[in-house]
Structure formats: C-alpha cells, structure tokens
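In what follows, a structure is listed as structure tokens, so that the remarks can point back to it.
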Amino acid sequence: MGKGPSIFRFDAFAKTLDEAKVKTTSGGILTLICSFTIFILLINEYRDYRTLIMRPELVVDRDHDKTLGLNLDITFPNMPCDLLSMDIMDLTGDVQADILEGNFLRTRLDRDGKEIATDEPFKVNKEDGAKSKLSTEDSQYCGSCYGAIDQSGNEKESDPTKWVCCNSCEAVKLAYSKAAWKFYDGEGIEQCEKEGYVDRINKRLDEGCRVKGTAQLNRIGGNLHFAPGSSITMNDRHVHDLSLFDKHQDKFNFDHVINHFSFGPDDHHLNLHSASHNYTTTHPLDGSEKAVGDKYRVYSYFLKVVNSRFEYLDGDVLETNEFSATEHDRPLRGGRDDDHPNTIHARGGLPGLYFYFDISPMKIINREANKKTWSAFCLSVCSAIAGVLTVFSLLDRTIWTAHRYLKEKKRV
C-alpha cells in the first residue's frame with residue numbers, strides 16, 4: 001500500500017481488514033452481555049437526568065415584617081377539654097395578647113378516642129374570668145364572692161352598678177383567682193350549681209380532647225403551652241389553677257399525639273411537588289406520640305424555625321417555614337432518670353405540653369432543578385458506553401489469548 005497523505009499518520013482509529021477478523025462464540029456471548037449492560041446503564045443515566053432535586057441557598061432573612069403562621073392538631077386522650085388551657089407567650093414570658101388572627105377549635109373525645117361532640121371554639125390566652133364583671137346592674141340581686149373579695153362596701157353604696165358582686169360562676173372564678181384561692185370544680189357555689197357547671201365538669205372528667213386550628217403570630221420567639229386549669233397572671237407571673245387537676249390523683253395526664261404541627265401555609269396534605277421535596281422538614285413532628293401515663297410530667301419540644309422559600313421549575317413559589325425539633329420530657333419530682341441513671345432532672349415546674357420556638361435570622365431558598373444538566377447527561381452516556389466497551393474488549397482479548405495459548409499447548 002503506497003504512502004498516503006501525511007495526515008493519515010494522525011489516524012487514531014486504524015482499520016482492520018475483514019479478512020483478518022475472527023469471530024468466536026465467546027465473543028458473541030460477551031457482545032450480548034455488553035449490549036445489555038450498556039442498555040441498563042443508559043436507562044439509569046436517563047432516570048438520573050430526569051430526577052428533580054432541591055438546591056438550597058442560605059441568605060440573611062430580611063422579611064422581618066412577615067407574620068408567623070401556626071397550624072396545629074393535637075390529641076390529648078386523658079385531658080378533658082374543660083380542664084385544658086392553651087397560652088402563647090413571648091421570650092420575656094409575657095402573654096401574647098396581640099395575636100393577629102386565631103381560630104382554634106376543641107373536640108371532646110370518649111375513652112376510645114372517638115368524637116362525642118361537635119367542634120367548639122377554644123380561646124387562647126384566656127385568663128380566668130377575663131370577660132366577667134365583679135359588678136351588677138340588677139338592684140335585686142348581688143351574688144356572693146364567698147370572701148374572695150371584700151363586699152362590705154356594698155351596703156354604703158347606693159348605686160348598684162358600683163357594687164362588687166359575683167353574679168355568675170365565671171365571676172366567682174375571677175374572684176378566686178385574684179385571691180389566689182383554689183376553685184376546684186365549683187361545688188357548693190350557688191352560681192356554679194345553678195348554671196350546671198359542677199355537673200358538667202364532673203361528668204366529663206374521663207374524657208379526652210382534640211385541639212386544632214391556626215393562628216397568625218408576630219414573628220418573635222416564645223412558647224406555646226397546654227396546661228391544666230385556667231391561666232392567671234399574678235404578681236407579673238403566669239400561673240395556672242391546678243386545684244381540680246390535683247384533686248383527682250387517679251385521673252389526667254398529658255399523654256398526647258401530634259397529628260400535625262407546622263409554621264406557614266398548611267398545604268402538607270396536598271403532596272405538592274413530591275418528586276423533589278416531601279415536606280418532612282416543614283412538619284417533622286407529625287405522628288409523634290407520647291404515652292408515658294405519668295400525671296405529673298412535663299413534655300417539651302424545642303423548635304428552631306427557619307423562614308424558607310421553595311421555587312419550582314413550573315414557576316410556582318411557596319413561602320413557608322421549616323423547623324427542626326428536639327424533644328425532652330421529665331417528671332416534676334426531679335431526680336435521676338429511670339432509663340439514664342447518669343441524668344439528674346430538675347425539680348418542679350408545671351405539668352403540660354410545651355413548644356419553645358426560636359426564630360432564625362437566616363432564610364433558606366430552595367430551588368428545584370434537574371439533578372444533571374443536558375451536557376452532563378451526554379457526557380455520562382458517552383463515558384458509560386466507552387467504559388463498558390473498553391472493559392469487554394479487554395476481557396475478550398484475554399479470553400482469545402488464553403484460548404490460543406491452550407490450543408498451541410495441546411499441539412505440542
């Protein structure tokens with residue numbers, strides 16, 4: 001063969017004459033296996049290319065004026081609704097009376113957890129007797145406060161509207177709370193007996209309660225807690241009337257099931273954009289259950305809330321909040337932990353369920369994207385094909401060389 005143009009010397013793909021090619025059975029088998037392997041790898045590469053992921057970016061949160069949406073759904077199997085109270089407090093310990101918007105409902109449950117009544121409004125930060133008046137406009141009747149508040153000045157006052165009276169059960173409870181007296185179930189108090197309060201409370205002692213609803217809060221850290229008895233602010237301290245809770249030693253505890261708890265838009269049940277995000281970081285406590293059975297026990301959840309935005313390929317944008325949660329529970333008696341003897345719990349506190357939430361100054365922007373770009377996909381495909389062909393080519397050459405060696409050895 002004559003000398004060709006000089007550029008032929010750079011040919012990296014030298015050709016083999018058809019007469020020099022030898023086809024073998026082993027080569028055919030390896031070719032089939034090679035083709036199948038390449039096919040499987042190409043399918044995996046395509047699936048990898050089509051996979052959607054979230055690429056997070058951390059920035060400083062500048063949305064200081066935004067409110068914090070709260071969504072909760074919690075079941076208390078061993079706490080009647082009439083004994084349960086809910087309060088939201090800020091970091092200083094002050095009750096947040098300026099809740100921008102709230103809509104909570106409570107549902108009574110029987111011992112089997114079945115609903116036995118329709119939903120009724122559940123007031124947040126409701127202090128005992130907040131809407132009751134210790135006065136009357138009825139000159140014919142002035143209810144007794146049973147010594148909780150001095151009423152001796154009524155005899156000297158001619159204007160009935162200025163009398164100090166307790167004409168309702170709520171008014172008596174308010175008077176008792178101001179005097180720091182235990183109210184129990186109101187037994188023996190005329191106003192409560194007439195209103196049926198005593199019978200109603202005692203008939204529902206073995207019930208449970210489910211609380212659910214939403215609220216818009218100012219974006220500031222604090223705590224949300226469920227505790228027994230009406231809440232009272234006394235001497236700049238937030239306390240609860242535990243008289244009825246303590247009266248029945250064989251009843252009540254704060255075992256609970258967190259059906260749902262989140263901050264932000266409550267669309268977790270829609271399973272939106274599940275291909276790239278399963279939303280577990282927006283409600284990690286869902287499904288949590290505590291069933292210790294200890295009456296005097298406090299359950300605490302420490303939450304770190306981070307403002308988050310999800311940007312999807314279809315143009316949708318979701319503004320919400322993600323949070324991490326650390327849980328802890330301890331008996332009020334304190335002492336060494338039953339399961340961890342090296343842990344010594346503090347003594348005292350208020351039995352209940354507490355959520356302490358802290359607001360992060362950072363914001364996470366999650367952008368939906370393909371796991372691989374088109375160029376990366378093409379490169380992966382070429383690499384997979386070339387790699388498989390190279391490996392099987394070496395394997396075929398090894399088998400062919402071994403076959404020739406054994407064949408020549410037999411001839412000798």
Answer residue from region 140-168, given it is among the hydroxyl-bearing types (Ser, Thr, Tyr) and in contact with a helix residue (DSSP H, G or I) (Cβ under 9 Å, 6 or more places away or on another chain) and is most open to solvent (accessible area, probe 1.4 Å) among those
TYR146
Pair list, Cβ under 6 Å, 6 or more apart: region 363-389 residue in contact (Cβ under 8 Å) with a residue 12 or more places away in the chain and of a type in the set (Gly, Ala, Ser), other residue surrounded by 16 or more Cβ atoms within 10 Å (Cβ to Cβ) and in a helix (DSSP H, G or I)
SER380/GLU45; ALA384/LEU41
Among the residues of region 279-304 satisfying the criterion of being farther than 20 Å from PHE76 by Cβ and crowded, with 19+ Cβ neighbours inside 10 Å, which is modelled with the lowest pLDDT?
TYR279
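Determine which member of the set HIS260, HIS268 is open to solvent by 10 Å² or more (accessible area, probe 1.4 Å) and modelled with pLDDT under 75.
Checking each option against the conditions leaves just HIS268.
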Residue list for region 307-363, filter: in a loop (DSSP other than H, G, I, E, B) and exposed (fewer than 11 other Cβ atoms within 10 Å of the Cβ)
ASP314, GLY315, ASP338, ASP339, HIS340, PRO341, ASN342, ALA346, GLY348
Can you find, within region 98-130, the residue that is modelled with the lowest pLDDT among those that are out of contact with any Asp or Glu (no Cβ under 7 Å at 6 or more places or on another chain), surrounded by 12 or more Cβ atoms within 10 Å (Cβ to Cβ) and among the basic types (Lys, Arg)?
LYS126
Qualifying positions in region 23-51 - in a helix (DSSP H, G or I), open to solvent by 50 Å² or more (accessible area, probe 1.4 Å), under 29 Å from LEU313 (Cβ atoms) and in contact (Cβ under 8 Å) with a residue 40 or more places away in the chain
LEU41, LEU42, TYR46, ARG50
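The values are calculated or read from the model by the stated rules, or taken from the named source; none is laboratory data. Keep in mind that what you see is a predicted model, and the values were worked out from it rather than measured. For neighbour counting, all protein chains shown are included, and Cβ atoms are generated from backbone atoms with ideal geometry for every residue, glycine included. Keep in mind that these areas ignore ligands, DNA and RNA; they rest on the heavy atoms of the full protein, side chains included. Shrake-Rupley method; radii C 1.70, N 1.55, O 1.52, S 1.80 Å.
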